[in-house]
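Below is one structure, written out as structure tokens; the observations come after it.
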Amino acid sequence: LEAVKTIIAQEMSLSLLSSAPVGFAAALLRAPAAARSTPPVMETIDDLKSLAVKANPVVGYWNPTPLADMGFWGQSQEATIGFLRHAELKHGRVAMAAFVGFCLQSNGVHFPWACTLEGTTFGDIAAAGGPAAQWDALPTNAKLQILLLIGFFELLSENTYALAQSGQKHYMRGGKPGVFPSLKKVGIPVPVPLDLWDPFGFTAKMSQEKKDAKLVTELNNGRAAMLGIMGFVAASKVPGSVPALDGLIAPYSGEVMAPFSAGDSALPFVEGMLKASPF
């Protein structure tokens, strides 16, 4: 419990000390010394070029934007590269899960039990239509629980205390992009049988060379999944926009970028948000 209080106190302090997002101001607070620490590694443009060749020797380093040459929020170029690398890995992981989930939900695959105390079943949710319509059909409380859990994971992954307990640093301060701290080591006051990252310890005895190769594979899979899931979403919202998916994706008439729908209008600002939507 004290560990969780420490995390919350640090996040509140960061928000007062800086107008930048919490993760970007992490250096303003000192994290407790960890038993094992990873030496700071700040990636450079040369590292990006080397990684690009490993990921795709045919395309190589292709950067049509000046993002990697910039210094976000007054930070160094190396810190900005850390932010971009972490963002890409995170979005790729979410996209891989979303791609698989979209395929399963589109084919009626669901849990056979109830998802609420009132008796609403996953089958009832699946009957609403495609994946986006199924999200809209979720009870408001279910959506809030999911969003709050995601917010908790975001807070944990950005927090210097939590990272230090796993011997890591923030990705904009020399830490490894894509790293998620151990839930077991951070001191969460409830039993945590498995970690979110590598719950079964498959990478524990893996050589660094093999880990690096698998990270490149993950990067490529994540990039493909981002294209794939956005193709699914586009095909559901604008029929015919992805010719290869014509007739395969259920159409969706709602707002794909809105976390809440008309069924959640009891929440503050939701009704105004829906009225302001151009779609």
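The values are calculated or read from the model by the stated rules, or taken from the named source; none is laboratory data. Just so we're clear, the structure is a prediction, and the values are computed from it rather than from any experiment. Ideal geometry is used to build each Cβ from the backbone, glycine not excepted, and the neighbour counts take in all protein chains shown. Just the protein is used for accessible areas: all its heavy atoms, side chains included, with ligands, DNA and RNA removed. Shrake-Rupley method; radii C 1.70, N 1.55, O 1.52, S 1.80 Å.
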(request) Please identify every one of the GluC sites (Glu not before Pro) in region 117-203 that sits in a loop by DSSP and has no more than 13 other beta carbons within 10 Å of its own beta carbon. (result) Glu118
(message) Solvent-accessible area of Val242, probe 1.4 Å, all protein chains present, reported in Å² to the nearest ten, please.
(response) 40
(message) Which of the three applies to region 143-279, rounded, prolate or oblate, going by the alpha-carbon gyration tensor with a ≥ b ≥ c and a/c under 1.5 meaning rounded?
(response) oblate
(request) Treat every Asp and Glu Cβ in region 110-174 as -1 and every Lys and Arg Cβ as +1, leave all other atoms uncharged, and give the resulting dipole magnitude about the Cα centre to the nearest 20 debye. (result) 340
(request) Working with all protein chains in place, sort Phe153, Phe202, Phe72 by solvent-accessible area computed with a 1.4 Å probe, largest first. (result) Phe202, Phe153, Phe72
(request) Leaving ligands, DNA and RNA out of it, work out the accessible area of Tyr61 with a 1.4 Å probe and give it in Å² to the nearest 10. (result) 80
(request) First measure r as the distance between the Cβ atoms of Ala266 and Phe152, then evaluate 1/(1 + (r/R0)^6) with R0 = 22 Å and state the FRET efficiency to the nearest 0.05. (result) 0.40
(request) Determine the order of Leu163, Leu248, Leu149, Leu274 by accessible area, beginning with the largest, at a probe radius of 1.4 Å. (result) Leu248, Leu149, Leu274, Leu163
(message) Let me cross-check Arg85: its accessible surface, 1.4 Å probe, with only protein heavy atoms counted, in Å² to the nearest 10?
(response) 40
(request) Read phi for every residue in region 181-194 and hand back ³J(HN,Hα) as whole Hz from Karplus 6.51 cos²θ - 1.76 cosθ + 1.60, θ = phi - 60°, with x for Gly and Pro. (result) x, 6, 5, 6, 7, 7, x, 5, x, 9, x, 10, x, 9
(message) Just to check I understand the Karplus step: with θ = phi - 60° and J = 6.51 cos²θ - 1.76 cosθ + 1.60, what whole-Hz values come out for region 66-72, glycine and proline as x?
(response) x, 4, 5, 9, 9, x, 5
(request) Could you size up the charge dipole of region 202-261 around its Cα centre, putting +1 on the beta carbon of Lys and Arg and -1 on that of Asp and Glu, and report it in debye to the nearest 20? (result) 260
(message) For a quick check: with amide H placed at 1.01 Å from N, whose amide H comes under 5 Å from Thr121's, ignoring anything fewer than 5 positions away on the same chain?
(response) Cys115
(message) Checking the table Lys54/Lys143; Lys90/Lys185; Lys143/Lys214; Lys49/Lys176; Lys185/Lys214 against a 28 Å threshold on Cα-Cα, which pairs fail?
(response) Lys54/Lys143; Lys143/Lys214
